[in-house]
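What follows is a single structure, written as structure tokens, with notes after it.
The values are calculated or read from the model by the stated rules, or taken from the named source; none is laboratory data. These numbers were taken from a predicted model, which means no experiment stands behind them. Note that each Cβ is placed from the backbone with ideal geometry, even for glycine, and that neighbours are counted across all protein chains shown.
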């Protein structure tokens, strides 16, 4: 006999799946045009949504056998899982690379190996870090759509206003610290007024600070490495901001900046409150739209690779990898036709059309002649080069990654505030996560997945 909670959970899933299916019926036209209609769920809205819509429209007009019905879906990573579990998934789903391991664990995505082989889509065509994000032990679970990685953005006007050569750019962590001290100012009451750089702004990659110091989050096999000497060094560097400026001050400044919308003219980087900030390739779009003060009368910002420790020049060009992907949910009604659209999207025509409109580089090693030269983002080639660096970091492909990421974030906050030392925070993190990895790997072993 099922437990009451189990019955309620199954009922809730059934209701959600039914609502998802009903919403599709409402928004999708009933066509009798002789084409195979495939349902494509995608998460993008605004200009990113317009970009995929234009790409889909181009494909639909380019041939008369397949028609892609595009539907914008919020919280797509959860709804696709629910729809797949309920037996009524879309034919295509635009997802996030960090969820690939979870989808693999839930057997929710159809492997694309055979389709890729037929289409001539090969690993050698892609920037390695992006291809690797889509694979689990050689099983191709998705393909890249729009990639992203990070670099250091510098507000040249903020440097000039502080009496610093606006063309100054730190190459090492030590140079970044020195420049930060020159650019950071306080109010009469001791609170921070402007900062050169702080590691918790914007705070989207608190899990990744070990990377510029050579830190890894696990060994790729069976060991969590949260408290490695490289990660401890990174968190000691994070702690140095609390020691120099006061943990409460750093957090209060971040909180104040956080009250302002990122996508607005009051963004702290646009106004010069934050002189240097780690950000992604997409930042150019937001500067163009909201940061006019950085564009007139001349361009008053620049982008450089994030610094590395002076004694670790091998870590030059470190960057954090992120990636949007497209896959075919298991149980899709028209997998072969769905892959025909994927094949177009992965072609130079499709992938360049989409990424030009997103303001990003493509995941491909080689692009069409003139792609970078005519691209609206003047720094896009830098980001493509960083993605190809051996120092590029992507999240671990682990089903427990969401929990691990949250726990790293909690440890980061404790160190930022000065509540724990780097060693204390990371040793506690290590002690929490290693048993969870052990349990996760044991479950996979029992299922015959290892």
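Only one of the listed residues (223, 216) is surrounded by fewer than 20 Cβ atoms within 10 Å (Cβ to Cβ) and without any contact (Cβ under 8 Å) to a residue 60 or more places away in the chain. That residue is 216.
The criterion of at least 1 residues that are over 24 Å from the mean Cα position of the chain (by Cα) is met, among helices (runs of 4 or more DSSP H) falling completely within segment 197-306, by 229-245, 247-258, 268-271.
Just so you know, in segment 337-365 the residues that are outside any helix (DSSP H, G or I) and in contact with a helix residue (DSSP H, G or I) (Cβ under 9 Å, 6 or more places away or on another chain) include one that is nearest to residue 47 (Cα to Cα), and it is 359.
Remark: residue 365 falls outside the filter, which requires a residue to be under 17 Å from the mean Cα position of the chain (by Cα) and closer than 16 Å to residue 133 by Cα. Answer yes if at least one residue in segment 2-23 is modelled with pLDDT of 95 or more and not in a helix (DSSP H, G or I), and no otherwise. No; the residues of segment 2-23 include none that is modelled with pLDDT of 95 or more and not in a helix (DSSP H, G or I).
In the set 158, 234, only one residue is more than 28 Å from residue 296 (Cβ to Cβ), crowded, with 21+ Cβ neighbours inside 10 Å and assigned by TED's automatic domain parsing to the domain that holds residue 308; that residue is 234. On the basis of being surrounded by 23 or more Cβ atoms within 10 Å (Cβ to Cβ), out of contact with any strand residue (DSSP E or B) (no Cβ under 8 Å at 6 or more places or on another chain) and closer than 26 Å to residue 410 by Cβ, does residue 269 make the cut? Judged against the criteria, residue 269 is not a match.
There is at least one residue in segment 55-63 that is modelled with pLDDT of 95 or more, under 28 Å from the mean Cα position of the chain (by Cα), closer than 22 Å to residue 109 by Cα and part of a helix (DSSP H, G or I). When residue 145 is tested against (1) assigned to a helix (DSSP H, G or I); (2) under 22 Å from the mean Cα position of the chain (by Cα), just one condition goes unmet, and that condition is (1). Screening residue 252 on (1) out of contact with any helix residue (DSSP H, G or I) (no Cβ under 8 Å at 6 or more places or on another chain); (2) within 30 Å of residue 435 (Cβ to Cβ) shows it passes everything except condition (2).
Set side by side, the residues 82, 71 differ, and just one is under 15 Å from residue 44 (Cα atoms), touching a residue at least 24 places away in the same chain (Cβ under 8 Å) and surrounded by fewer than 21 Cβ atoms within 10 Å (Cβ to Cβ), which is 71.
For segment 403-450, a residue qualifies if it is crowded, with 16+ Cβ neighbours inside 10 Å and on the phi > 0 side of the Ramachandran plot, and exactly one does: 418.
Residue check: is residue 333 surrounded by fewer than 18 Cβ atoms within 10 Å (Cβ to Cβ), at pLDDT 95 or above and in a helix (DSSP H, G or I)? Taking the combined requirement at face value, the residue does not satisfy it. So, residue 334, is that one outside the structural domain of residue 206 (by TED's automatic domain parsing) and in contact with a helix residue (DSSP H, G or I) (Cβ under 7 Å, 6 or more places away or on another chain) or not? So residue 334 does not fit the description; no.
For segment 290-298, the criterion of a residue being surrounded by 15 or more Cβ atoms within 10 Å (Cβ to Cβ) and without any contact (Cβ under 8 Å) to a residue 40 or more places away in the chain is satisfied by at least one position.
Quickly run through segment 171-183 and pick out the residues that are surrounded by 21 or more Cβ atoms within 10 Å (Cβ to Cβ) and not in a helix (DSSP H, G or I). Once the filter is applied, which keeps residues that are surrounded by 21 or more Cβ atoms within 10 Å (Cβ to Cβ) and not in a helix (DSSP H, G or I), segment 171-183 yields nothing.
In segment 109-141, the residue that is nearest to residue 397 (Cα to Cα) out of those that are in a loop (DSSP other than H, G, I, E, B) and under 21 Å from the mean Cα position of the chain (by Cα) is 134.
If you take the residues in segment 152-166 that are in contact (Cβ under 8 Å) with a residue 40 or more places away in the chain and not in a helix (DSSP H, G or I), which one is farthest from residue 382 (Cα to Cα)? Among those residues, the one meeting the criterion is 162.
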